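S.K.: Pasting a structure here, questions to come.
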Amino acid sequence: MQILVSIILMALIGGFIGAMTNFIAIRMLFRPFEAKYIGKWRVPFTPGLIPKRRDELAKKIGEVIVEHLLTGDMIKRKLEDAALQKEVTLTIQQLFEEKMSLQTTPDELAELAGFKGGKERLIQWVADKIEQELTRFLEEKKEVELQQFVPTALKESIRKHLPSMTEMGIERVKTYVLSDAGKAQIHIMLDKFFTEHGKMGSFAKMMLNIESLTEKAQQELAKMLTQPETEQMILHLCETELDHVFTKKLQEVLALDKKKQLVEQIRRESITFLQSEKWLNKPIQENLKKYETQIVANIIPYATLRLLEFIASHSADIMKRLDISSLIEKQIETFSLEEVEAIVIDISGRELKMITYLGGVLGSFIGIIQGVLAIWM
């Protein structure tokens, strides 16, 4: 009986020592938070491992997360995942539909966006932006030829319709020439011609019947306008002038004073439009209502997919610019040592307890062996 009690007692003592050793070792990971001194002599193992290596630990955690967990390739794969794209699209669609059930005017939206003073500040801000961007655009494009601003389809359409427009113009000129107003204008021009040529002109005017001369000139002009050669000549002139206009640079068409006038005019028109009470007080949802189905079914899915694809294709560069490892390092450095300890214990508390228990089990086992050996010896 005494032998059994001795073995049990040694097992309990060994278990206690083993458990306490592991418990103290675990506590020494965190405690003490600062170095302890006896006089000028620093007590060994102070501060604890984590407080002592805190900065290095924060840096390593940031590097590990960026290099092995939150990588650019991982972000790209996640953004390209069809399930995520569908979920994001659905979320945006639901949010849009929720907002469509509200009644939000542009004036109220300006207040929500931080434009205190609402309408007037919004109007001035938009007008200033329009002026700045238009001025910048005109300055940047001043050396660009006008044809660069005209879509190819529009240029082709103009050239395609130029013959018919020329024919229509000639027909209108002919109609005017044969009209009473045209005849009167020809008469005035002939009379002025003879008057400007002094005595010879006056003599010719007396010798000729100006009325019959006017009618003759009227008929000849009309006849000339109906000839194919005239139409071809005018068409060629129009094509040449059109090409000349297209090759002009923007600054040749818009001189400095005209450019300023254009910018100022557009600014004034913008302010006039934005000051419309009807526009500012009408809920945005009313303007979008007729497009709601198309926006939800087509525009939102398309825009969401394009946005996610853009972010995915630039994920590596975005991650590099965000410097995630530095952000994580700085965030960990803001934690107090008590918070770091609480986080680690919260994550691995069960495992740390098992290590303590394992120390007790091993200590008990060693105590039993020691007891048996002591009795046997």
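S.K.: Enumerate the aspartates and glutamates that Lys223 could reach by cross-link, defined here as Cα to Cα under 16 Å, with residues fewer than 8 away along the same chain left out.
M.R.: Answer for Lys223, where 16 Å is the Cα cut-off: Glu167, Glu171, Glu215, Glu231, listed by chain and number.
S.K.: Give Lys86/Lys290; Lys52/Lys353; Lys86/Lys282; Lys78/Lys320; Lys52/Lys78; Lys59/Lys86 a once-over and call out the pairs whose C-alpha atoms are over 28 Å from each other.
M.R.: Lys86/Lys282; Lys52/Lys78; Lys59/Lys86
S.K.: Quick check: net charge around Phe310, other residues with Cβ under 12 Å of its Cβ, Lys/Arg +1 and Asp/Glu -1?
M.R.: Residues near Phe310 contribute -1 overall.
S.K.: Compare the Cα positions of Ser326, Val66, Gly359 along the charge dipole of the chain (+1 at Cβ of Lys, Arg; -1 at Cβ of Asp, Glu; about the Cα centre) and return the one farthest towards the positive end.
M.R.: It is Gly359, whose Cα lies furthest towards the positive end.
S.K.: May I ask you to evaluate 6.51 cos²θ - 1.76 cosθ + 1.60, the Karplus curve with θ = phi - 60°, for each residue of region 231-240 and list the ³J(HN,Hα) values in order in whole Hz, giving x for glycine and proline?
M.R.: Couplings: 4, 5, 5, 5, 4, 5, 4, 5, 5, 5 Hz.
S.K.: Moving on to the next point. Could you work out how far helix 198-207 tilts from the main Cα principal axis of the chain, as a 0 to 90 degree angle to the nearest 10?
M.R.: In the chain, helix 198-207 runs at an angle near 60 degrees to the longest axis.
S.K.: If I take every Cα pair under 8 Å that is 6 or more residues apart in the chain, average their sequence separation and divide by the length, what percent do I get for the relative contact order?
M.R.: The normalised contact order for the chain reaches 45 percent.
S.K.: Within region 48-71, name every residue whose backbone N is under 19 Å away from a label modeled 7 Å from Cα of Ile311 along the Cβ vector.
M.R.: Hits in region 48-71 for Ile311 at 19 Å: 66, 69-71.
S.K.: In the neighborhood of Glu67, defined by Cβ-to-Cβ distances under 14 Å, what is the net charge if each Lys or Arg adds +1 and each Asp or Glu adds -1?
M.R.: -1
S.K.: A further question on this structure: Treat each spin label as a single point 7 Å out from the Cα along the C-beta direction, and report the Ser164 to Gln294 distance in nm.
M.R.: According to this spin-label approximation, the distance is 2.7 nm.
Read the figures in this text as sums done on the coordinates, not as results from a lab. Because the structure is predicted, anything quoted here is derived from the model rather than measured. All Cβ positions, glycine included, derive from the backbone under ideal geometry; neighbour counts span all protein chains shown.
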